[in-house]
Amino acid sequence: MAGRLALVGSGEYLPVLSDVEDWLFAGNERIYVQLATAAAPEGDGSLARWHDLGRQAAERLGAEQVIVDIRTREDAMDARWVPLIERAGLIYLSGGNPTFLAKILRDTPAWEAIRRTWLRGAGLAGCSAGAMVMGGSIQHFRRPGAAPVEGLGVVPDARILPHFDRYTRWLPDMALRPFVSHGGTVLGIDEDTALVGEDPGETGPWSFSVRGRQDAYVVTRDGAHSVRDGIDLVVHA
């Protein structure tokens, strides 16, 4: 069975979501593999900050931090990362630029190792940009009417909007309508909040529940509808 899965609106590596990270290990060896790839365009300082936050998170959880320092597509093609990824009890993709992250990882040994290790039972999580790439497509925040970019397809029918509470403060509900014009399920996930699910085996789609400080939503043409009581999603496991 595939490992547990979390789509996180914000709050990776912070105490507010430590319980979610702990749950994602699901009894696996506490090897915490972390990729800050989405922040690579921001430079060394940003990557160092993410790596330090990841170290603190691993220490709180009694886990070994393993940094997979992929910054370019050439890095992602390098097979030296594969054995490090395959040790994981939990793999976490943190925030930054989602289209950059998808471009770097798509069809590479690194991404195949991530998927393979998750399918063997390791937890998998993405926060902000890391959550957005899990969908079948990635929506442009600043150009919501533009055609989406291909995601990595873990949740193939979904487009994921993290920081949803902040985004909806920037723009009125009318601005959300272009997000739903391309079909599929649009998920809004508030900050410090996660949608979490686990493999049901042969019983059908995955059932996701909300954990964290706020809420998550299905966004439709007539507004955003809370999924506090849960939602079923197709997962490409």
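The values are calculated or read from the model by the stated rules, or taken from the named source; none is laboratory data. Just so we're clear, the structure is a prediction, and the values are computed from it rather than from any experiment. Neighbour counts run over all protein chains shown; Cβ positions are idealised from the backbone, glycine included.
Look through segment 201-214, keep the residues that are at pLDDT below 95 and not charged (D, E, K, R), and return whichever of them is nearest to G121 (Cα to Cα).
The qualifying residue nearest to G121 (Cα to Cα) is G201.
Looking at segment 215-231 only, could you name the residues that are surrounded by fewer than 16 Cβ atoms within 10 Å (Cβ to Cβ) and modelled with pLDDT of 95 or more?
Matches in segment 215-231: none.
Could you please let me know if L84 is in contact (Cβ under 8 Å) with a residue 12 or more places away in the chain, of a type outside the set (S, T, N, Q) and surrounded by fewer than 20 Cβ atoms within 10 Å (Cβ to Cβ)?
So L84 passes the test.
Please go through segment 50-66 and pick out each residue that is surrounded by fewer than 16 Cβ atoms within 10 Å (Cβ to Cβ) and touching a residue at least 24 places away in the same chain (Cβ under 8 Å).
Within segment 50-66, Q56, R60, G62, E64 meet the criteria.
Could you tell me which residue of segment 198-214 is surrounded by the most Cβ atoms within 10 Å (Cβ to Cβ), considering only residues that are in contact with a helix residue (DSSP H, G or I) (Cβ under 8 Å, 6 or more places away or on another chain) and closer than 30 Å to A113 by Cα?
Among those residues, the one meeting the criterion is G212.
Just a yes or no: is a residue in segment 80-99 over 15 Å from the mean Cα position of the chain (by Cα) and over 28 Å from M1 (Cβ atoms)?
Yes, because at least one residue in segment 80-99 is over 15 Å from the mean Cα position of the chain (by Cα) and over 28 Å from M1 (Cβ atoms).
Which count do you get for residues in segment 95-141 that are under 15 Å from R73 (Cα atoms) and either touching a Cys at 6+ places or on another chain (Cβ under 8 Å) or of a type in the set (F, W, Y) (or both)?
2
Going through L90, L84 one at a time, which residue ends up being of a type outside the set (D, E, K, R) and out of contact with any helix residue (DSSP H, G or I) (no Cβ under 7 Å at 6 or more places or on another chain)?
Just a single option satisfies the conditions, and that option is L84.
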